[in-house]
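Visitor: First the structure, which I've put down as structure tokens, then a few questions once you've had a look.
The values are calculated or read from the model by the stated rules, or taken from the named source; none is laboratory data. In this text, all values refer to a predicted model and were calculated from it rather than measured experimentally. Cβ placement follows ideal geometry from the backbone for every residue including glycine, while neighbour counts extend to all protein chains displayed. SASA here: full protein model, heavy atoms, side chains in, ligands and nucleic acids out. Shrake-Rupley method; radii C 1.70, N 1.55, O 1.52, S 1.80 Å.
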Amino acid sequence: MSDQTDYTPPEVWTWEQGNGGRFANINRPKAGATHERELPVGRHPFQLYSQGTPNGQKVTILFEELLEAGHGGANYDAWLIEIGKGDQFGSGFVAVNPNSKIPALVDRSGAEPVHIFESGAILVHLAEKFGAFLPSSGAARAETLSWLFWQMGSAPFLGGGFGHFYAYAPVKIKYAIDRYAMEAKRQLDVLDRRLAENEFLAGSDYTIADMAVWPWYGGLVTGALYGDAARFLSAHEYAHVNRWANQLLARPGVKRGRMVNRTSGPLSEQLHERHEAGDFETRTQDKLEGSAG
């Protein structure tokens, strides 16, 4: 590999296959399906196709919070899409999400299936459908949506920027790491200042804004993202973000939601597919692999 610090862009970029480090096998400069694969369909009103990354956790946390709040109609099947294996490029998945990114949802609760992709769109769709975790009008709704879309615009700098260059890039580039570390810390400061004056991001009520932000920034400060990134970024300095992150982590809905479609971490916290509430007790990977042995 050439010295990336001395790289001079050519007049016209061409794709160099295999250049991309950990994700080289699934990255490509075009869209569309690479293979035929229909999506499975379970018996519940909502069919979720996802993986337990921070973006995937947003939706499963909302589903579990809805069920925890007594919304029985929010029962769902969660099917694992293994993005490292390229499942997101199957024809069935691309038909639901032409952008080939998790999560993707099919709402089968009405006369015709409704396809929704992008995590923020899914959160708003479900919150409005059940009248929960999103105020219906006024300043409270505006505040919630503002912080929800803050996350949509900010997280790429944390994940694709800081996370990629700090943890995944095939070479360490000081300029890139410094640039995105600075931005990650600025974002943590934005959150810390907000949470110094409010229990939750939108104010006194827990909303989909918290559910969207927590898997990324809560995961970062609690040490769940990018190895030792919390130490590298001195995440302990953001006391109010840490208070909020641990407060949410104690919620049963968050505990369950972060387990669904998860393929990393302790086996007892991995529920690759979720079809019934009892799966959390009987079908986590520690139990499945123990029974297989």
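Visitor: Using DSSP to define loop residues, name the GluC sites (Glu not before Pro) in the stretch 157-226 whose beta-carbon has at most 15 other beta-carbon atoms within 10 Å.
Guide: Numbers: sites: E183, E197, E199; in loops: E199.
Within the stretch 157-226, the qualifying GluC sites (Glu not before Pro) (loop, at most 15 other Cβ atoms within 10 Å) are E199.
Visitor: Next question. Suppose we flag trypsin sites (Lys or Arg not before Pro) only when DSSP calls them loop and at most 12 other Cβ atoms lie within 10 Å. Which is the longest uninterrupted stretch of the chain? Numbers along the way, then the final one.
Guide: Details: sites that count: K30, R43, K172.
Within the chain, the longest run free of exposed trypsin sites (Lys or Arg not before Pro) spans 44-171.
Visitor: Looking at W15, Y175, M259, which one has the Cα that reaches farthest to the positive end of the dipole of the chain (charges on Cβ: Lys, Arg +1; Asp, Glu -1)?
Guide: Of the options given, the answer is Y175.
Visitor: Just the number please: accessible area per residue for the chain, 1.4 Å probe, all protein chains included, in Å².
Guide: On the way: 14350 Å² over 293 residues.
Per residue, the chain has 49 Å² of solvent-accessible surface.
Visitor: Below 8 Å, C-alpha to C-alpha, sequence gap of six or more: please give me the relative contact order for the stretch 46-176 in percent.
Guide: On the way: 140 pairs, mean separation 27.1, N = 131.
Taking the mean separation of contacting Cα pairs over the length of the stretch 46-176, I get 21 percent.
Visitor: Please report, for the Cα atoms of the stretch 170-293, the Rg to one decimal and the Dmax as a whole number; what are they, in angstrom?
Guide: For the stretch 170-293, the Cα-based Rg and Dmax read 17.0, 51 Å.
Visitor: Can I ask one more? With a 1.4 Å probe and every protein chain kept in, tell me what percent of the accessible surface of the chain is carbon plus sulfur. Mind dumping the intermediate values first?
Guide: On the way: 7450 of 14350 Å².
With neighbouring chains kept in place, the figure for the chain is 52 percent.
Visitor: So for the chain, averaging the separation of alpha carbon pairs under 8 Å that are six or more residues apart and normalising by length, what relative contact order in percent results?
Guide: Values: 437 pairs, mean separation 60.8, N = 293.
Once divided by the residue count of the chain, the mean separation gives 21 percent.
Visitor: I'd like the Karplus ³J(HN,Hα) series for the stretch 183-195: coefficients 6.51, -1.76, 1.60, θ = phi - 60°, whole numbers in Hz, and an x wherever there's a Gly or Pro.
Guide: Going residue by residue, I get 5, 4, 5, 4, 5, 4, 5, 4, 5, 4, 5, 5, 6 Hz, with x marking Gly and Pro.
Visitor: So how long is each side of the chain along the principal axes, counting just the alpha-carbon atoms, biggest first, in Å?
Guide: Here the Cα extents, ordered largest to smallest, are 58, 51, 44 Å.
Visitor: Here is a further query. Can you compute the charge dipole magnitude of the chain about its Cα centre, using +1 on each Lys and Arg Cβ and -1 on each Asp and Glu Cβ, nothing else charged? Give it in debye, rounded to the nearest 20.
Guide: On the way: 28 positive and 34 negative charges, 42 e Å.
It comes to approximately 200 debye.
Visitor: Here is a follow-up. Among DSSP bridges having both ends in the chain, what percentage is antiparallel? Round to the nearest 5. Intermediate results must be reported in sequence, preceding the final value.
Guide: Working: 10 of 17 bridges.
For the chain, the DSSP antiparallel bridge percentage is about 60.
Visitor: How charged is the neighbourhood of A169? Take every other residue with its Cβ under 13 Å from the Cβ of A169, and add Lys/Arg as +1 and Asp/Glu as -1.
Guide: Details: positive: R22, K172, K174, R179; negative: none.
Net local charge, A169 excluded: +4.
Visitor: I would also like to ask the following. Accessible surface of H236 in the full protein assembly, 1.4 angstrom probe, to the nearest 10 Å²?
Guide: Its heavy atoms expose roughly 150 Å² to the probe.
Visitor: Once a ≥ b ≥ c are taken as the square roots of the eigenvalues of the Cα gyration tensor of the stretch 1-111, is the result rounded (a/c under 1.5), prolate (a/b larger than b/c) or oblate (a/b not larger than b/c)?
Guide: Numbers: a/c = 3.43, a/b = 2.21, b/c = 1.55.
Judged from the Cα gyration tensor, the stretch 1-111 comes out prolate (a/c at least 1.5, a/b above b/c).
Visitor: Moving on. Return the calculated 222 nm mean residue ellipticity for the chain, to the nearest 500 deg cm²/dmol, obtained by summing -39500 (n - 2.57) across DSSP H runs with n ≥ 4 and dividing by the residue count.
Guide: Values: 11 runs with 115 residues, N = 293.
Value at 222 nm, helices only, nearest 500: -11500 deg cm²/dmol.
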